[in-house]
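Only the coordinates and a few stated rules stand behind these numbers; no lab work does. Just so we're clear, the structure is a prediction, and the values are computed from it rather than from any experiment. Virtual Cβ from ideal backbone geometry, glycine too; neighbours counted across all protein chains shown.
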Amino acid sequence: MSSHQPGTDRRLKRRHQAEAGFKSILLASVILVVVILSIILVTILWKSLPALKLSMILQTPGTGYYLGQQGGILNAIIGSLEVSLGATFIALIIALPTVIFLNTYLKRRSFLAEVIRLSLDVLWGIPSIVYGVFGFLLMLMLHLRASLLAGMITIALVELPILSRALDETIRLVPPELKEASYALGANRWQTATRVVLHQALPGLITSVLIALGRGLGDGASVLFTAGYTDRITTSLFQPVATLPLAIFFQLNSPFPEVRERAFASAAILTLLILFISLLTRYFGRKLSRHKVR
Amino acid sequence: MKKGKGQELVAGLFSLFPIILAISIFLLLLVKAFPLLSLKSLSTILFSSAWQPQRGQFGLWPFILGTLWVTITAFILAAPLSILTAIYISDYASGRLKKWLVPVLDLLAGLPSVIYGMWGILLIVPLVGKYLAPLFGTYSSGYCILTAGIVLAVMIVPTIVNVSVEVLSAVPADLKEAALALGATRLEVVQFIVLKKSAPGVAAACVLGLSRAFGETLAVMMVVGNVPVIPTSLFSPAYPLPALLANNYGEMLSIPGYEAALNLVAIVLLFMVIIFSLAARLYLNKLEGRTD
């Protein structure tokens, strides 16, 4: 049949060639993205091998550490965990009531809800270095010095919009029928929010918290002026605290190759921590979809 | 008092915090930058290229240009790659492949800035300095705009892809199926239906990525050279605004006007970012509301 119109055949062929060409371009870009990620991970892990010893994660910097002698970065590992856990806790205390209020007490299109969402969007856009500047100014006003507390507060501000957005999305996924059933049983809005909505959204809540924690753990720009740095393990809210991103940053600037190698090892440790959190997030994320009510 | 009213009040008060925070960041920075603005006009500061804090000269032009060069380079590199990847994920990839790709992107999005910066120093700086610059017949230390652009591009790819995939997936399946049933190839479906419907959304995703790139600090300052000159090519070093803040903030107390100048830098950066970020976000919110 097609032999009657030789042009159609050629056009069809060209369309299929275009399709094949497009598909290979798409595939190439996906492969490029995956390859770049692998290169990043492989480069960091491979470069870190010479300095990646147990002492790195078990010791604080000894005397002469920054000249290439004994020690590790336990101070920064513990410091980073202290800062990011504290910050995530503070952020959660603010974000959770906000999101509950947004989703159960306010109508979706009410003025207050729009303004709150708008300001969360504004906050989401603010770069972490500006949060660092704001945190520093706040610190001066409160007569605080660069400390664990100041670092925690600043990172909490960075995490707040990320956490709120993630929580908002999870809580919005809770089927309205569940809420209606709860109201029908005579529960008030607070009981519905805390015992029905939050219960249903718990895996999503954990995922959101983990995402925020990962962000806090890796953010260096905001703690640059607010957390200070120390070679000791921080035991009080008012002492300065070392963080992993800054440990990597400072060690990379060293003229000593041994110290630079330790920066690579520190980066590998940070990457593994982030990787671990990312896997945990995956795990709870999967749970979230498993318990979906249809 | 009715039961639950107390909690409602507390939750309501907490929810005002984001509003108060957003306003106070703008206000505090403005107040702290004011001493300089009362001395010189905003336009002289923004468009003068003399940066000599000791002599009281705070021209921000080289830094603004540095930010623009780096960000736009990253944007040009990242946008096509991200859009193609997003199309593949939303319209071509099988369910199993998607299950692999999405975590990869999430991981890429979750890696800290300093890790990207270190990767840039280890791989991209030598690549640009030893191979790319000679290829174009110029000399470069490798610490330059192109390097920063490449590193930054990799960093914003996941943001653009994730948002784009959401936008692309929102195109109704029956439209695509109708076209396929009429004999369209998948390319034609993408070209005439998917992109036609979602082009503004994809553009918004790209702008959102752009706004992230503006404020990125550590990764960029590690590879961009930090020399306050007006950039002339991709291979010249630059000194973007976030790097200026990171290098000098907190240590400037002795020079008069310096503190105010750096606070002004923060405001300029803030406005550059917020305009793009908010425009994109508001458009995407509207889009999301329509598909509800």
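Observations on the structure shown:
- Placing one equal scatterer on every Cα of the stretch B:18-134 and applying the Debye formula, the log10 ratio I(q)/I(0) at q = 0.14 Å⁻¹ is -0.99.
- In summary, the protein assembly as shown shows an alpha-carbon radius of gyration equal to 1.02 times the 2.2 N^0.38 Å reference for compact globular proteins.
- Computed [θ] at 222 nm, helices only, for chain B once each DSSP H run of length n ≥ 4 contributes -39500 (n - 2.57): -22000 deg cm²/dmol
- Cα gyration tensor, the stretch B:83-141 - rounded (a/c under 1.5), prolate or oblate: oblate
- Across chain A, Cα pairs under 8 Å and at least six residues apart give a relative contact order of 27 percent.
- Legend: calculated FRET efficiency, A:Ile93 to A:Arg282, from the Cβ-Cβ distance at R0 = 30 Å, rounded to 0.05, equals 0.70.
- Inter-label distance, nm, simple model (7 Å from Cα along the C-beta direction), A:Tyr183/B:Asn248: 5.6 nm
- Net +/- balance of residues flanking A:Asp121 in space, Cβ distance below 14 Å, scoring K and R +1, D and E -1: +1
- For the stretch B:159-292, relative contact order (Cα pairs under 8 Å, six or more residues apart, normalised by length) works out to 27 percent.
- Our coupling estimate for the stretch B:255-265, obtained by passing each phi through the Karplus curve with A = 6.51, B = -1.76, C = 1.60 and θ = phi - 60°, is 8, x, x, 4, 4, 4, 4, 5, 5, 5, 4 Hz, Gly and Pro reported as x.
- Whole-Hz couplings from phi, Karplus 6.51/-1.76/1.60, listed for the stretch B:213-219; x for Gly and Pro: 5, 3, x, 4, 10, 4, 4
- In degrees, nearest ten, helix B:5-15 long axis to first principal axis of chain B (Cα): 60 degrees
- Cα extents of the stretch A:41-105 along the three principal axes, largest first (Å): 59, 30, 17
- Overall, the anisotropy analysis places chain A in the oblate class: the square-rooted eigenvalues a ≥ b ≥ c of its C-alpha gyration tensor yield a/c not less than 1.5, with a/b not exceeding b/c.
- Cross-link pairs beyond the 27 Å C-alpha cut-off, checked among A:Lys179/B:Lys99; B:Lys99/B:Lys197; B:Lys99/B:Lys130: A:Lys179/B:Lys99; B:Lys99/B:Lys130
- Calculated FRET efficiency for the pair B:Gln191/A:Thr8, C-beta based, R₀ 25 Å, to 0.05: 0.80
- Spatially, the stretch A:134-210 and the stretch A:107-129 are offset by 14 Å when compared through their Cα centroids.
- DSSP H segments from chain A that extend 18 Å or more along their own axis, Cα-based, with Kyte-Doolittle mean of 0.0 or above: A:6-48, A:74-100, A:111-125, A:128-141, A:148-172, A:202-218, A:257-290
- Cα gyration tensor, the stretch B:230-292 - rounded (a/c under 1.5), prolate or oblate: oblate
- For the stretch B:17-85 versus the stretch B:169-245, the gap between their alpha-carbon centres in whole angstrom: 21 Å
- Fraction in percent of alpha-carbon pairs per bin - 5 Å, the stretch B:166-292: 2, 9, 14, 13, 13, 11, 9, 9, 8, 6, 4, 2, 1, 1, 0
- Less than 5 angstrom separates the built amide H of B:Gln57 from those of B:Gln52, all sequence-distant by 5 or more or on a different chain.
- Across chain B, Cα pairs under 8 Å and at least six residues apart give a relative contact order of 27 percent.
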